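Any read-out appearing in this document is the output of simple, stated calculations on the displayed coordinates, not a laboratory observation. If you're wondering where the values come from, they're calculated on a predicted model, not measured in any experiment. Positions of Cβ are backbone-derived with ideal geometry, glycine not excepted, and every protein chain shown enters the neighbour counts.
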Amino acid sequence: MDHCTTSDLISLEQALEKMLSQIMPLQQTESVELTNAAGRITATPVISPIDVPPFANSAMDGYAVRVNELNANTALPVAGKAFAGAPFTEQWPANTCIRIMTGAPIPAGADAVVMQEQAEVSDQGVCFNAPVVAGQNIRLAGEDILQGAHVLPAGVKLGPAQLPLLASLGIAELQVMRKLKVALFSTGDELQRVGQPLQAGQIYDTNRFAVRLMLEQLGCSVIDLGIIRDDQAALRAAFIEADQQADVVISSGGVSVGEADYTKKMLDELGEISFWKLAIKPGKPFAFGKLNHAWFCGLPGNPVSAALTFYQLVQPLLAKLAGHTEWQLPPRLKARALTPLKKSPGRLDFQRGIFSSNADGELQVSTTGHQGSHIFSSYSQGNCFIVLERQRGSVAAGEMVEIEPFNALLRS
């Protein structure tokens, strides 16, 4: 039975503020090729070395013209053709037009492009059946990006929206923050590695498997130290090894009531660690602090609690340490509960839910079912957290609640 009172508990916001106020981003950077830059964080602002587009070009398939030569009663002979990659470079006679394709450089002297749908071709040449305005259907040099413009600030995670942009600038390599090195292990004699048969009284080591996957999605280099048995010497050796190799050490298990005294005594010798009772459900036990070299996060042993505390606390810590200045959790949204939600006042409750839009475009959400901290299937079935306020009690169907959609760590 848990005898702590609500006054013993620290809020999620307080815990996150305490953690992030101590963290400073790493300073080490490295140069990587653009083709290997996916998921990396920009270390310096990216400046455009060229204009984009680099030259004025046609936005349409049609005809390049000089507007002052147009006459409604006169057809213009076609003097030549301009293609993307094969511009028109010959002498351009007066009172003629040039057949031009999308993306082709605008011939010198042309001040408009008439789309082919507004052109009538005959043996005498081309007549145009719509008004023509100077500048129409011409993409100007630098219209998208000017040479010398700041394209991306430092601290941006590079992905499908950014990398093609950099490729369009001809940037072959750039400076990025070095990857975080994170050491990971689980503690407990009851744990068995995934893929091995369970012995009597054993369970599979879900936490380390889940946390490793999330670390890899965040772009961290993972140092997996496996399962550490309930042995003081083995645990001490694991902490020392992890501290020497990593920027962050993450363990699961060993931080709840009845375990913390032993772990705390050992960790006090290796650094400065705080053991917190968080005012959240699931995930009350949590440890954070500094070892001799690395930061340390101790996750609860229950699988759902470990995943939630990683998602809500460790994820933003790693983002700040990695220099990812634009990182943020998904915004919380209002939704109507379709099912009753059981809750007792006292802790901020992150229940797993399934949200969707109804016919009127209103968000609605239902529970994934049993919300026990050992029911990891609630993550695979859900697509959001239902975030119930600390002092709120049970929720009836039809009431409004806040939801926080899962980001990529919990939803593919």
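Only one of (1) 26.9, 93; (2) 23.6, 97; (3) 30.6, 97 was calculated from the structure for Rg and Dmax of the Cα atoms in Å, and its label is (3).
Taking Cα centre as origin and charging only the Cβ of basic (Lys, Arg, +1) and acidic (Asp, Glu, -1) residues, the dipole magnitude of the chain rounds to 920 debye. Working from label points 7 Å from Cα in the Cα-to-Cβ sense, the V133 to A56 distance is 1.7 nm. A dipole drawn for the chain from +1 and -1 charges on Cβ atoms has a positive end, and of M400, F55, F88 the residue lying farthest that way is M400. A Förster radius of 51 Å, combined with the Cβ-Cβ distance separating Q202 from D111, puts the computed FRET efficiency at roughly 0.05.
Other residues with beta-carbon under 10 Å from the beta-carbon of A322 carry, at +1 per Lys or Arg and -1 per Asp or Glu, a net charge of +4. The calculated 222 nm mean residue ellipticity attributable to helices in the chain amounts to -5000 deg cm²/dmol, summing -39500 (n - 2.57) over DSSP H runs of n ≥ 4 and dividing by all residues.
Cut-off under 18 Å on the C-alpha distance; same-chain residues fewer than 8 positions from K181 excluded. Which lysines are left, in chain and number order? Partners found: K157, K290, K320. Footprinting exposure proxy ranking of W276, W92, fewest other C-beta atoms within 10 angstrom first, gives W92, W276.
Only one residue of V249, Q199, S378 has its Cα farthest out toward the positive end of the dipole of the chain, where Lys and Arg carry +1 and Asp and Glu -1 on Cβ, and that residue is Q199. Packing here is the average count of other Cβ atoms within 10 Å per residue, and on that basis the peptides 15-28, 216-229, 171-184, highest first, run 171-184, 216-229, 15-28.
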